[in-house]
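A.B. asks: Structure in structure tokens, see below.
Taken together, the values in this text are just the output of simple stated rules run on the coordinates, not laboratory data. A quick note: this is a predicted structure, and the numbers were derived from the prediction, not measured. In this analysis, Cβ positions are derived from the backbone assuming ideal geometry, glycine residues included, and neighbour counts consider all displayed protein chains.
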Amino acid sequence: MRRFRFVAVSAVILAATLAAGPAAADWNAGLQLYNEGRFADAMEHFQATVKSNPKWPGGYLMLGRCQLALKQHDEAIASLRRSVELGPSDPANVATLSRALMAVDRHAEARELLEGLDFEKLSPEWKAEVARMLARCLVVEDRAADAVTLLEGHLANDPENAALHQAIAGAYQAAGDRAAALDHFEQAFAINPGDHFSARAAAATALSLAAAAGDDAIAASYNSRALEIATRLATAAPEYENALLAGEAALGARQLEAAADWFAAAVKSRPQEPLARFYLGRTLAALNHDDQAITNLRAALGAAPDDELAVRIHGQLARLLACGLELGEAARHYRAAGDSGRAAEIDALAGSFNEALGRLASLRRDVAALAGMEAELEALGDANGVAALAGRRETMGREIAAIEGNLSAVRSALCR
């Protein structure tokens with residue numbers, strides 16, 4: 001269920017009739033400041049408005065809105081109660097007081113106020129808004145089924161209302177029916193492509209349903225829905241959270257290349273975010289791009305992950321490094337991941353193959369150095385020198401291949 005937001009208020013909307021002079025000046029100044037988000041300054045003008053017009057509900061309404069925006073809840077409730085006393089049939093007064101009560105977890109009082117409105121006299125917009133607020137109160141009171149029933153009745157008369165679909169999706173979630181929630185979040189996003197909250201909720205719900213499916217075909221269907229929604233969302237709004245979600249959905253759908261692209265986009269958006277780096281590293285590992293995977297996983301560790309994520313990163317790094325026969329570092333990461341048994345096993349293997357591993361590391365360094373020297377000689381036009389170095393590098397390469405062949409059994413045991 002989305003949070004209620006304050007919207008810009010104009011004199012036309014409130015249909016205020018004020019005498020000319022200082023009272024009107026305070027009112028107009030207050031409205032302008034409120035619409036600019038300068039609530040403390042606006043509040044001063046509305047305090048002057050209610051002082052000069054103590055019987056007019058509009059002044060108390062706007063004063064209460066300012067106080068509510070400033071989290072002055074007790075003061076806001078007092079001001080808004082006065083607006084309801086002076087204008088009990090105006091849904092703006094009742095709804096705003098209800099929001100103030102909901103903000104301090106007084107949902108039963110808010111519900112009673114809202115239920116006191118004459119629905120038949122409300123505009124379609126206010127009917128939908130009040131229904132959503134009532135549903136929220138019912139959900140908080142552990143009456144999610146009643147909230148669903150209420151919203152279903154309103155949706156029957158207003159089926160293209162994206163906000164109502166979003167609200168009933170939240171009610172279905174609270175009632176434990178995630179499949180129905182997914183349907184309505186999807187509809188909300190389809191009706192209003194700018195409703196990114198519903199899109200994110202739909203994709204996340206689909207992924208959770210896939211994880212709990214217990215049937216490959218059903219899981220694949222939910223993963224496909226998650227990917228379609230998340231891709232549309234991240235394409236339209238390629239911010240960090242959306243790119244990360246699209247990557248997760250692509251992973252669920254086993255589209256690894258697409259997942260890597262989305263995680264790379266998330267990393268580009270927030271290079272110091274460890275979670276995106278971890279997901280990118282894990283996906284690159286699944287694509288057998290081990291060197292790139294290790295680079296990203298190390299960067300994830302350097303980005304101050306929380307303890308739980310750090311354990312996952314260490315574990316992934318340990319497996320990749322062990323597979324690459326970098327056994328000393330692999331053992332260290334296994335220990336950091338809390339797997340001391342596996343670390344001891346890796347240490348024992350390292351002790352058995354230290355000489356071969358040392359020679360292998362030395363050869364790799366020499367080959368890299370020779371490659372650099374070749375490039376320099378080639379730039380100087382020394383064909384004979386290039387050929388000689390290439391021959392030496394090829395000889396070393398054959399020795400590397402022979403050692404790695406002898407270690408293939410070890411690698412097979414470690415790449416798991």
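A.B. asks: What Cys residues in the chain have no fellow cysteine's beta-carbon under 4.7 angstrom?
C.D. replies: 66, 137
A.B. asks: Would you calculate the separation in nanometres between label points at residue 268 and residue 361, each defined as 7 Å from the Cα along the Cα-to-beta-carbon direction?
C.D. replies: 3.7
A.B. asks: For the stretch 97-127 and the stretch 250-275, compute the distance between their C-alpha centroids and round to whole Å.
C.D. replies: Their Cα centres are 43 Å away from one another.
A.B. asks: Taking only C-alpha pairs under 8 Å that are 6+ residues apart, what is the relative contact order of the chain in percent?
C.D. replies: Result for the chain is 6 percent.
A.B. asks: Pick out which of 328, 64, 397 has the largest mean-square fluctuation in a Gaussian network model of the chain, springs linking Cα atoms closer than 10 Å.
C.D. replies: Fluctuation is largest for 397.
A.B. asks: What is the count of Lys pairs in the chain whose alpha carbons sit under 29 Å apart, if the two are 8 or more places apart or on different chains?
C.D. replies: For the chain, the number of qualifying lysine pairs is 5.
A.B. asks: With a ≥ b ≥ c the root eigenvalues of the C-alpha gyration tensor of the chain, is it rounded (a/c under 1.5), prolate (a/b larger than b/c) or oblate?
C.D. replies: Here the chain falls in the prolate category.
A.B. asks: Hey, another quick one. Using a basic spin-label model with each label point 7 Å from the Cα along Cα→Cβ, how many nm lie between residue 224 and residue 35?
C.D. replies: 4.9
A.B. asks: Report, in debye and to the nearest 20, how large the dipole of the stretch 353-416 comes out about its Cα centre when Lys and Arg carry +1 and Asp and Glu carry -1 on their Cβ.
C.D. replies: 420
A.B. asks: Please arrange 353, 185 by counting, for each residue, the other beta carbons lying within 10 Å of its beta carbon, fewest first.
C.D. replies: 353, 185
A.B. asks: What FRET efficiency, computed as 1/(1 + (r/R0)^6) with R0 = 56 Å and r the Cβ-Cβ distance, is obtained for residue 123 and residue 291, rounded to the nearest 0.05? Before the final figure, lay out the partial values.
C.D. replies: On the way: r = 62 Å, r/R0 = 1.11.
According to the calculation, E is roughly 0.35.
A.B. asks: Which of rounded, prolate, oblate describes the stretch 271-340, given a ≥ b ≥ c as roots of the alpha-carbon gyration tensor eigenvalues and a/c under 1.5 marking rounded, otherwise prolate only if a/b is larger than b/c?
C.D. replies: oblate
A.B. asks: Also: What residue among 357, 370, 233 has the largest mean-square fluctuation in a Gaussian network model of the chain, using Cα springs under 10 Å?
C.D. replies: Answer for the Gaussian network model of the chain: 370.
A.B. asks: For residue 109 and residue 44, FRET efficiency with R0 = 35 Å and r from the beta-carbon atoms, rounded to 0.05?
C.D. replies: FRET efficiency, residue 44 to residue 109: 0.75.
A.B. asks: How high is the relative contact order of the stretch 271-340? Use alpha-carbon pairs under 8 Å, at least six apart in sequence, and give a whole percent. Before the final figure, lay out each step's value.
C.D. replies: On the way: 83 pairs, mean separation 18.8, N = 70.
In percent, rounded to a whole number, it is 27.
A.B. asks: Take the alpha carbon gyration tensor of the stretch 218-333, find the square roots of its eigenvalues, order them as a ≥ b ≥ c, and report rounded if a/c is under 1.5; if not, report prolate when a/b exceeds b/c, else oblate.
C.D. replies: Prolate is the answer for the stretch 218-333, as a/c is 1.5 or above and a/b outweighs b/c.
A.B. asks: Once you charge only the Cβ atoms, +1 for Lys and Arg and -1 for Asp and Glu, what is the size of the charge dipole of the chain about its Cα centre, to the nearest 20 debye?
C.D. replies: On the way: 41 positive and 54 negative charges, 96 e Å.
Dipole magnitude for the chain comes out near 460 debye.
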